[in-house]
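Everything on this sheet refers to the single structure shown next.
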Amino acid sequence: MYGIDFNKLRFLVCDDNAHMRRILRTLLHSFGAREVYEAEDGATALEMYTHYVPDIVITDWAMPIFDGIELAQMIRQPDSKGNPFAPIIMLTGHSEKRRVTVARDAGVTEFLAKPISAKGLYQRILNVVVSPRPFIKTKNYFGPDRRRNTSTAYVGPERRGGKEPDVIPQPSLLDKARAPG
């Protein structure tokens, strides 16, 4: 089991609901985080993202100006300002498979359905810090490897074919956030 020193990580929380931002901030502080930046819409979040360069982004799906999906797509531009590798945890009250797939295809790292729990949030953060997925760069996608199952036995119609994508190891947050001991 890894110990994570949340005090060493910077978070950006983006949600148009002030109450949800307060809940997330309180949970992150209870985990030990001290640098938690907040934005009420996607445009403000993008500005804050390029200015503060957070280690982890937690964003709601539905927001004004532009939503969490658009924010994720802008962050994932390889030539964008800031860190295009930053893990993105998507929050939403709608967890249908179609939405999970859209979020995954936009470059979202983890998905968390509302109402959230402290355990659920902690587990998603632990996943992105301790077990980062490599990034994939193809003609139409840049983001974390969308495959969770790396079995080579799959032969179905969605089997990745043709030229293999560029695999880019994600910079590890574990080195930054490892708790002493």
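The values are calculated or read from the model by the stated rules, or taken from the named source; none is laboratory data. From a predicted model like this one, the values you see are computed outputs, not experimental measurements. No Cβ is skipped: glycine too gets one built from the backbone with ideal geometry, and neighbour counts run over all protein chains shown.
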Is there any pair with a first residue in the range 64-85 that is crowded, with 20+ Cβ neighbours inside 10 Å and part of a loop (DSSP other than H, G, I, E, B) and a second that is modelled with pLDDT under 90 and of a type in the set (Lys, Arg) whose Cβ atoms are under 9 Å apart and which are 6 or more apart or on different chains, and what are they? none
For the range 117-137, enumerate the residues that are part of a loop (DSSP other than H, G, I, E, B) and at pLDDT below 95. SER131, PRO132, ARG133, PRO134
Residues of the range 13-58 satisfying the condition of being surrounded by fewer than 19 Cβ atoms within 10 Å (Cβ to Cβ), assigned to a loop (DSSP other than H, G, I, E, B) and of a type outside the set (Asp, Glu): ASN17, GLY32, ARG34, VAL53
I want to confirm something. Restricting to the range 86-116 and keeping residues that are in contact with a strand residue (DSSP E or B) (Cβ under 6 Å, 6 or more places away or on another chain) and part of a helix (DSSP H, G or I), which single residue is nearest to LEU46 (Cα to Cα)? ALA103
Of everything in the range 86-119, what is buried (at least 19 other Cβ atoms within 10 Å of the Cβ) and of a type in the set (Val, Ile, Thr)? Give them in sequence order. ILE88, ILE89, THR92, VAL108, THR109
